[in-house]
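Here, each number is a calculation from the coordinates, and none is a lab measurement. Computed from a predicted structure; not experimentally measured. Using ideal geometry, Cβ is built from the backbone for each residue, glycine included, and neighbour counts are taken over all protein chains shown.
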Amino acid sequence: MNAAELTALLPEVVAIAKAAGVGIMDVYGAAFEVETKGDGSPLTIADRCAHMLIEQRLAALTPGIPVLSEESRQIDYSERAAWPMFWLVDPLDGTKEFVKRNGEFTVNIALIDGIAPCLGVVHTPAQDVTHSAATGCGAYRQHAADSPQPIRVRAYRDGTATVVASRSHAGEALQVFNERLRAISGAIELLRMGSALKLCLVAQGDADIYPRLGPTSEWDTAAAQCVVEVAGGHVVDRFDTPLRYNKKSLLNPWFLVYGATEFKWCELVDGLEE
């Protein structure tokens, strides 16, 4: 799609994400049961309802473009490999945070062109905040019905570095990363956050680096990666190569999210094992 087509499509996808968010908040405010999926992650009726709404409305919006969602049926790579473009969706990213009722969960919708995201929407229902972007269209943050405001990453040079990390996942590798960064910068400020909001903090210039040294899936990152990249930042693996999508395995490698800088972030993961 060209920039004009993406510009026309973006507000429609924002509206779909917001509609899913309304349904999620209806469940959030009531009692709900929590199931456990085969991988040990939680699942609620909010995940299922959001998935159904998004899948149906994307199919109506762009007939012929397939939808791959965390909650959809497993689609074999032999089928997916033939897709030139597809929607990649996490209808409720941060279900653990949803269950804890701390508000740090998002609706993630990305359009993948080939192997890279060209449009992304990350909606945070509990805050009524939406981050959105598309190639050639700019990156934006919108609160409720306010006008979307352009966002831009910040450039880290030296001094205290703001590191954003998962609220639910930590590990020895992250500790080593932070120790190495502290030795160079002198100090770090650590922010813990759930879901794709971590990437959005980098995109809007409120954090310098998000090192994800643990497991994630493609639907966790695609929408926010588009927002970060259009805002001038980077979402890369440990070798400084941008994350790519529709791989045979839908798992991501370790990755780093950072802004506009010459700082060699990837050197901080040298020697660490995934």
> Working out 0.36 nm times the residue gap between residue 179 and residue 267, then minus their Cα-Cα distance, what length gain in nm do you get to one decimal?
Replying inline: 30.4 nm
> Which of these, 225, 142, 56, has the largest mean-square fluctuation under a Gaussian network model of the chain (Cα springs below 10 Å)?
Replying inline: 56
> Between residue 26 and residue 157, how many nm apart are label points set 7 Å from Cα along the C-beta direction?
Replying inline: 5.2
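Mind sorting 51, 143, 123 by how few other Cβ atoms lie within 10 Å of their own Cβ, fewest first? Walk me through the intermediate numbers first.
On the way: 51 20, 143 13, 123 28.
Least crowded to most crowded, the residues run 143, 51, 123.
Rounded to the nearest 500, what is the chain's calculated 222 nm mean residue ellipticity when only DSSP H runs of at least 4 contribute -39500 (n - 2.57) each, over all residues? Before the final figure, lay out each step's value.
On the way: 7 runs with 87 residues, N = 274.
Value at 222 nm, helices only: -10000 deg cm²/dmol.
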> Based on Cβ point charges of +1 for Lys and Arg and -1 for Asp and Glu, what charge dipole magnitude is obtained for the range 3-150 about its Cα centre, in debye rounded to the nearest 20?
Replying inline: 140
>> With the alpha-carbon atoms as the only input, what is the per residue convex hull volume for the chain in Å³?
In response: 123
> Under 5 Å between amide H atoms, partner at least 5 residues away or on a different chain: which partners does residue 102 have, H built in plane at 1.01 Å?
Replying inline: none
>> With unit charges on the beta carbons (Lys and Arg positive, Asp and Glu negative) and the dipole taken about the Cα centre of the chain, which residue among 149, 72, 88 sits farthest to the positive side?
In response: 149
> How much length is gained if the chain between residue 101 and residue 39 is pulled fully straight, taking 0.36 nm per residue apart and subtracting their Cα-Cα distance, in nm to one decimal?
Replying inline: 20.1 nm
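Given contacts defined as C-alpha pairs under 8 Å and at least six residues apart, what's the relative contact order of the range 3-150, whole-number percent? Display every interim value, and only then the final one.
On the way: 258 pairs, mean separation 32.4, N = 148.
The normalised contact order for the range 3-150 reaches 22 percent.
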> Which one of 171, 214, 23 has the biggest mean-square fluctuation once the chain is modelled by GNM with Cα springs under 10 Å?
Replying inline: 171
>> Along the charge dipole of the range 55-194, pointing to its positive end and built from +1/-1 on Cβ of Lys, Arg, Asp and Glu, which listed residue (118, 159, 105) has its Cα farthest out?
In response: 159
> For the pair residue 187 and residue 79, how long in nm is the line joining their label points, each one 7 Å along Cα→Cβ?
Replying inline: 5.4
